Each structure stands twice: as structure tokens, then as C-alpha cells.
Protein chains: 2
Amino acid sequence: MERKGLLLVFSGPSGTGKGTVCKALVEGNLDLRLSISATTRSPRTGEVEGVNYIFLKKEDFKRMIAEGQFLEWAKVYGNYYGTPLPFIQKALEKGNDMMLEIDIQGAFQVREKIPEAVLIFVAPPSMADLKLRLNARGADSPEEIQKRLCCAIEEMKLACEYDYVIINDEVARAVEQAQAIIKAEKCRARYLKTYLAKLISM
Amino acid sequence: MERKGLLLVFSGPSGTGKGTVCKALVEGNLDLRLSISATTRSPRTGEVEGVNYIFLKKEDFKRMIAEGQFLEWAKVYGNYYGTPLPFIQKALEKGNDMMLEIDIQGAFQVREKIPEAVLIFVAPPSMADLKLRLNARGADSPEEIQKRLCCAIEEMKLACEYDYVIINDEVARAVEQAQAIIKAEKCRARYLKTYLAKLISM
């Protein structure tokens, strides 16, 4: 009996190691695919169309917004970024689990369009730890780090609106928790509804 | 930071191997305790007070019902059976995960009193498989088996009201799924609410 794929949406403050968790999760799970975003920004050296991004002209992107063809989209520094809805829908219908790594606003847009999406928030073990991690990266100025920490607090306030929160104190443990969430979601009664109906009728 | 324990409620038709799954789950999980029921029936040989059951006089049981001291209770063939609420509450407050193995009516009574209880339905892989298992047990007459199968179908119709459904096609796999559900439930945003609030304020 065929079952639809799961739509998993990961968000979390900058510096929580969300990217590392998502990467490890995809690598260890053959049924799980990372969604590819569309963007209007120019390809950078080495970026491949259809692998890193789907590169679109601004007029095409805007037309697709008007046609409701995005699961979620945002404009960042003059460029558009978004997740094409047909791409996700096709993958889910085929039974593939799809993973999005997007910001909070995007996650809530997804929930509105696909209420059965599973929203997972990756949180730092403490704000002090997040500060340490941002400092250790050495990528940002003290002012930039302060700004990121303020953002993180605002984002953390919305974490309880998510379905799940993974406290990333250790990557292996965080990946294990994400795997458990995927396994558990496949046992959700609402996910198995059609399956159960068939089971009774057999 | 202390967290409350989880309350897990297992139900499922007779013959699905729910008892085997619950037993394996408790044995492999030190934090998980199987709840002890109270009953008004007489102890059978070898049954120990406070281990197998809490044995109560009928008048005491009825008084406790009137005082709302049961999380759930039922009268079966003239005897009362029930789960004492204070016992469960104390365990959860201490952070112990508690497991109940009760029927559907009991499970819905629990959900009414403790909405955050996690309801897990153990289902057979197919009705044909359930029939095979009931036959293989050799414990029931053909009429009795037919009655159990009819009951099973009625119960299966309510499975989608549960939070999770575990299809028990293989005990090891079913236990793994139950373990994943426990791990995932501890990542539920609603479960971590207090923790998250503290995390932001630190």
C-alpha cells in the first residue's frame, strides 16, 4: 500500500548547526531528499542549475508568485527565493520524504499551504553556547554577533509554535532525534488513515 | 532542568501482540514504568499486592470513583478495574515515563483527564493475520475467535482517533517504532515549552 512522503521543514537561528544536522540526516536516509530552491540571483561559480538552485528570471518568478506556484517565497536583498510547489507535490505523491531548510516566515507559509507538514526547530542548548559558537566561527564582527543573538531570541520565542524542537547540544544526538521524529510521524494515525481504512476492509 | 514524564497509553485488539511489545519496551527502557491497576477481584495464586495489582475492597473502590481518584476505570464481569490517578501523577511529576495497557474506552477516559497523554494503538498487519494469530494461540473456540475478530474491526475503526498506530508485523520493528515515538514526543514543542522559556531567559 502506497503512502505519501513526509514534508519536513527545518528552521533555527543562525549558528545552531542546523545545516550540519540536515546534511547528516539526508546522508543517512536514502528516502529523504533536500528540496531545491528557485532564485532570481545569478549563479555563483560552480553552482549548477537544478542541483544548487533553479535559476529564474525575475519576471518568471513574479508570474509564478501570482499563479500561486510557490509553497513559500521571500525577497532578500532584492533577490527572490522560493520553493516551487509542483516540485514538492510531485515528490510527496511519489512517496519521497522532502526536507526544506527555511526561515520561520517560510515555515509558517508552508504550514498554511500544507497543514500536515512537520515543522522542526533546531535550537542551541543555551544562548551562552550560541554566542560561543558564533564567536568560534570567526565570520562576524562583535556587532554582527550581537545582532544575530537578538534575532535568535526573537526566533526562539516562536519555537513553541513548531511541532518539534531539537536541542542541538551534540550533532549525533540531534540527528538521532530527527530520525526518531521521522519514524514517529510515519506512525501518526492521521498519516495512516487511508492505510487503516484499507486494512479494515481487507 | 527537570521535565515531567510522558504518559503512554497502549491499546489494541486481542491477539495483536500488544502485551509482548509493551513488555519488551519496558525491559529496554529504564525510565519507563508499567502502571499498576487497582482491582476488586480476589488475588490469584502468586499475585502480589502492589506488584501485579493493588487489591481493593468494593466499597473502597466505589468511594475512590466518587472522589475522582481514578484516571480511568471499568467494571468487567462484576469486578472493578482502574488506574489510580495520584499514583500516575506522582510518577509523572518525578519525571518517570508511565505506560498503561488498557482498552479503548479507558484510553479515551485518560485523554479527557490528561490531554497530553500519548495514545498508541497496536494494530495487526492485516485481519487475515490476526485470524491466524488467534487460531495459532489455540486458546479460543471458533465462535470465540469470530467474536474477537468482529470486536477487532470495531476497535480498528477507532484507531485513527489515537495519536499513533503501530502496525505489529514484527515485534522488534514495533518496539523500535514505540521507542521512536517516545523519543519524538520528548522533542514536542508543547512538551518543551517551560524548558524553552527558561532557555531564552538565561
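No lab work stands behind these numbers, since they all come straight from the coordinates. Because the structure is predicted, anything quoted here is derived from the model rather than measured. We place every Cβ from the backbone using ideal geometry, glycine too, and count neighbours over all the protein chains shown.
Compute the projected area of the convex hull of the Cα atoms of the protein assembly as shown, averaged over all viewing directions, and report it in nm² to one decimal place.
Details: hull surface 95.9 nm².
Its Cα hull, projected and averaged over all orientations, spans 24.0 nm².
Take every DSSP beta bridge with both residues inside the protein assembly as shown and express the antiparallel ones as a percent of the total, to the nearest 5. Provide the component values of the computation, followed by the final result.
Numbers: 18 of 55 bridges.
Restricted to the protein assembly as shown, the bridges split so that about 35 percent are antiparallel.
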- Message: I need A:Tyr195, A:Tyr162, B:Tyr81 ordered by Cβ neighbour count within 10 Å, fewest first.
- Response: A:Tyr195, B:Tyr81, A:Tyr162
- What value does the range B:7-201 have for Rg/Rh, both radii from Cα atoms and Rh as Kirkwood defines it? 0.99
- How many nm is it between the label spots at B:Leu132 and A:Lys193, if each spot is 7 Å from the Cα in line with the beta carbon? 3.0 nm
- Query: Any idea what the A:Ser42 label distances to the other copies are, label 7 Å down the Cα→Cβ vector, nm, shortest first?
  - Reply: 9.2
- Sorted by chain and number, the residues with a modelled amide H under 5 Å from that of B:Tyr80, at a separation of 5 or more or across chains, are B:Thr40, B:Arg41
- Too-long pairs where the Cα-Cα distance tops 26 Å, listed order kept, from A:Lys62/A:Lys183; A:Lys157/B:Lys90; B:Lys62/B:Lys90; A:Lys157/A:Lys186; A:Lys157/B:Lys186; B:Lys4/B:Lys198: A:Lys62/A:Lys183; A:Lys157/B:Lys90; A:Lys157/A:Lys186
- If R0 is 30 Å, what FRET efficiency do you get for A:Leu30 and A:Glu176 from their C-beta distance, rounded to 0.05? 0.95
- Put the label 7 Å from Cα along Cα→Cβ for A:Ile200; what are its distances to the other copies, in nanometres, shortest first? 4.1
- Task: Starting from the Cα gyration tensor of the range B:153-202, take the square roots of the eigenvalues, sort them a ≥ b ≥ c, and report rounded, prolate or oblate (rounded when a/c is under 1.5, otherwise prolate if a/b is larger than b/c, else oblate).
- Result: oblate
- Could you please state, rounded to a whole Å, how far the C-alpha centre of the range B:119-144 is from the C-alpha centre of the range A:137-174? 49 Å
- Query: Where the centre of each part is set by its Cα atoms, how far does the range B:11-82 sit from the range A:1-21, in angstrom?
  - Reply: 40 Å
- Query: If Lys and Arg each add +1 and Asp and Glu each add -1, what is the summed charge of the other residues whose beta carbon sits under 10 Å from the beta carbon of A:Gly12?
  - Reply: -2
- Task: Treating each Cα of the range A:1-96 as an identical point scatterer and ignoring solvent, apply the Debye formula and state log10 I(q)/I(0) at q = 0.10 Å⁻¹.
- Result: -0.32
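Rounded to the nearest 500 deg cm²/dmol, what is the calculated helix-only ellipticity per residue at 222 nm for chain A, with -39500 (n - 2.57) per DSSP H run of length n ≥ 4?
-13500 deg cm²/dmol
Assuming 1.002 mPa s and 20 °C, estimate D for the range B:47-105 with Stokes-Einstein, Rh taken as the Kirkwood radius over Cα pairs, in µm²/s. Before the final figure, lay out the partial values.
Working: Rh = 12.6 Å.
D = 170 µm²/s.
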- Distances from A:Gln105 to the same position in the other copies: list them in nm, one decimal, shortest first, using label points 7 Å from Cα along Cα→Cβ. 5.4
- Note on the structure: Any residue on another chain or 5+ positions along whose placed amide H is under 5 Å from the amide H of A:Leu6 is listed here as A:Asp97, A:Met98
- Take the Cα atoms of the range A:85-202, build their convex hull, and give its volume per residue in Å³. 137 Å³
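Please give the per residue volume of the convex hull enclosing the alpha carbon atoms of the range A:68-148, rounded to a whole number of Å³. Write out the running numbers ahead of the final one.
Values: hull volume 11.0 nm³, N = 81.
Roughly 136 Å³ of hull volume per residue.
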- Query: Residues with amide H under 5 Å of B:Ile167's amide H, sequence separation 5 or more or different chain, H placed in the peptide plane at 1.01 Å from N; which?
  - Reply: B:Ala123
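May I ask what percent, to the nearest 5, of DSSP beta bridges between residues of the range B:7-201 are antiparallel? Intermediate values should be presented prior to the final figure.
On the way: 8 of 26 bridges.
Of those bridges, close to 30 percent are antiparallel.
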